[in-house]
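Shown next, in structure tokens, is the structure this report addresses.
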Amino acid sequence: MEIALIPAVQAEARRSRGEPLALVDVRSPAEFLSVHAAGALLFPLDDLQPKKIAVELGISEHHPVVLLCASGNRARKAAENFHAEGVPHCLVVEGGTKAWEAAGLPVVRGKGMISIERQVRIGAGSMVLLGLFLGLVDPRWYLLSGFIGAGLVFAGITDWCGMGLLLAKMPWNRAKPGCCQLKK
């Protein structure tokens, strides 16, 4: 299965011409609140229900869904979920919201927050340092640093990050009810 990619500028140009494209952001609510493409609806990847979304937004061959995340990886996973559930009419914005914003396309800015990716780097780095310092007291603590390193290698190879998924569920990464165009 090949996932169709679309440049941000082209997606916005098609929307501006009146083409019925449903713009769906699959990031966490906190990331969405920080900055998102104007007109995007939030359907977080961890709660994604492709068939329900397809019915709600009227997704079809003539009304495809355009998927966005921060850089494109989660949007590709969302497209795979749509395809797996029999909804093949998906386009993934190349480079995600970062590319959308870099192209000067309309965005909505909210309160600033630290991205999940940065939170993973901060958390992993902190645990590696903690393991190194505690290893001076008891050498078994060096295993913590090794475990985190192995986890990062695994995440890089498989594109699946358990720490990122866990952090996305933390209260500070959740939106308060009614704060944004959250769709379930």
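Only the coordinates and a few stated rules stand behind these numbers; no lab work does. Nothing here was measured: the structure is a model prediction, and the numbers come from that model. Methodologically, a virtual Cβ is constructed for each residue, glycine included, from the backbone with ideal geometry; neighbour enumeration extends over all protein chains shown.
Taking amide H as placed 1.01 Å from N in the peptide plane, the amide H of Leu5 sits under 5 Å from that of Val92, each at least 5 places away or on another chain. Once Lys and Arg get +1 and Asp and Glu get -1 on their Cβ, which of Cys90, Ile157, Ser28 lies farthest toward the positive end of the dipole of the chain? Selected residue: Ser28. Our analysis of segment 62-184 gives Rg over Rh at 1.07, with the two radii drawn from alpha carbon positions and Rh computed by the Kirkwood formula.
Taking the convex hull of the alpha carbon positions in segment 116-173 and averaging its projected area over all directions gives 4.0 nm². Ordering of 9-20, 39-50, 72-83 by packing is 72-83, 39-50, 9-20, highest average first (other Cβ atoms within 10 Å, averaged per residue). Close Lys pairs in the chain, defined as Cα atoms under 20 Å apart and 8 or more places apart or on different chains, number 17. Taking other residues whose beta carbon is less than 15 angstrom from the beta carbon of Leu5, and scoring Lys, Arg as +1 and Asp, Glu as -1, yields +1. Simple spin-label estimate for Arg174 and His63 gives 3.2 nm between the two label positions (7 Å along the Cα-to-Cβ direction from each Cα). Note on Glu80 and Asp159: the model spin-label points, each 7 Å out from Cα along the C-beta direction, lie 0.6 nm apart. Considering only alpha-carbon pairs that sit under 8 angstrom and 6 or more positions apart, the relative contact order computed for the chain is 27 percent. Pairwise Cα distances in segment 1-71 exceed 15 Å in 55 percent of cases.
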